[in-house]
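Everything below concerns the one structure shown next.
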Amino acid sequence: MACLSCEVVEFKRKSMNAATRFQKETFEVSRTCQILILCEDFAAYERAADVCWRILVQLADDLDFGFNHWNFIELADPDCARSVVKTANASDIILLSLHGADLPPVAAEWLDAFSRRRLRAEGVLALVLNEPPGSSTAVAKLVARLEQSARGMGMDFLSLVQTPEERAFQPAEIAPPELFSRSDYGRLRLND
């Protein structure tokens with residue numbers, strides 16, 4: 001029969017190992033930056049993936065990254081919309097990638113509903129505007145709307161509006177690899 005003090009020491013050792021393992025797992029999980037891309041179409045997705053690549057290049061030494069992406073059209077499906085809410089709640093960065101200054105109605109409705117349900121009060125809501133804006137008033141209105149949504153969720157807001165000069169200058173040496181290939185885009189639309 002083992003002595004009581006040996007059993008206590010063994011229990012403490014097991015508890016400390018479990019606590020250390022939990023702390024390591026928690027630390028590793030907290031170092032993963034989750035990025036959600038909500039986009040209009042594949043071209044908008046590619047621009048958002050370019051932004052993600054630039055983030056990854058700058059922060060890869062400090063963080064691990066997880067990526068998910070959905071098309072605005074999928075937000076009309078209630079099952080998809082619930083899945084996007086679940087993914088968005090776990091995301092540190094939510095990128096909305098558009099071609100113009102008009103947020104599609106389904107995306108606007110989803111954003112309004114999500115901003116009332118966001119569980120985390122941290123992160124970044126970012127706008128990636130792909131086409132040169134036709135009207136600076138429309139862009140300002142969209143930016144103000146998204147800033148208000150971000151504030152309501154306790155998130156920071158970042159606007160990445162691509163100028164015509166940036167569209168013309170695409171150096172080959174920093175071109176990002178695709179996070180998902182064109183064939184994966186359709187297959188991964190439900191984030192399998």
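How do the pairs read when you match residues in the range 106-127 that are modelled with pLDDT of 85 or more with residues anywhere that are polar (S, T, N, Q) and surrounded by fewer than 18 Cβ atoms within 10 Å (Cβ to Cβ), using Cβ under 8 Å and keeping only pairs 6 or more apart or on different chains?
The qualifying pairs are Ala126/Ser159; Leu127/Ser159.
Whether any residue in the range 45-66 is assigned by TED's automatic domain parsing to the domain that holds Leu142, within 21 Å of Asp156 (Cα to Cα), touching a Leu at 6+ places or on another chain (Cβ under 6 Å) and not in a helix (DSSP H, G or I) is what I want to check.
Checked the range 45-66: at least one residue is assigned by TED's automatic domain parsing to the domain that holds Leu142, within 21 Å of Asp156 (Cα to Cα), touching a Leu at 6+ places or on another chain (Cβ under 6 Å) and not in a helix (DSSP H, G or I).
Please find, within the range 52-99, the residue that is modelled with the highest pLDDT out of those that are in contact with a Ser or Thr (Cβ under 8 Å, 6 or more places away or on another chain) and more than 16 Å from Glu109 (Cα to Cα).
Asn68
Consider Glu131 carefully, then state whether it is of a type in the set (Asp, Glu), surrounded by 14 or more Cβ atoms within 10 Å (Cβ to Cβ) and part of a loop (DSSP other than H, G, I, E, B).
Here the answer is yes, as Glu131 does meet what is asked.
Is it the case that Ser97 is more than 14 Å from Gln34 (Cα to Cα), within 14 Å of the chain's Cα centre (by Cα) and not in a helix (DSSP H, G or I)?
Answer is yes for this residue.
Hey, could you check the range 130-150 for residues that are small (Gly, Ala, Ser) and out of contact with any helix residue (DSSP H, G or I) (no Cβ under 8 Å at 6 or more places or on another chain) and say which is modelled with the lowest pLDDT?
In this case the residue turns out to be Gly134.
The values are calculated or read from the model by the stated rules, or taken from the named source; none is laboratory data. This is a predicted model, so every value here is computed, not measured. Please note: Cβ atoms are built from the backbone with ideal geometry, for glycine as well, and neighbour counts cover all protein chains shown.
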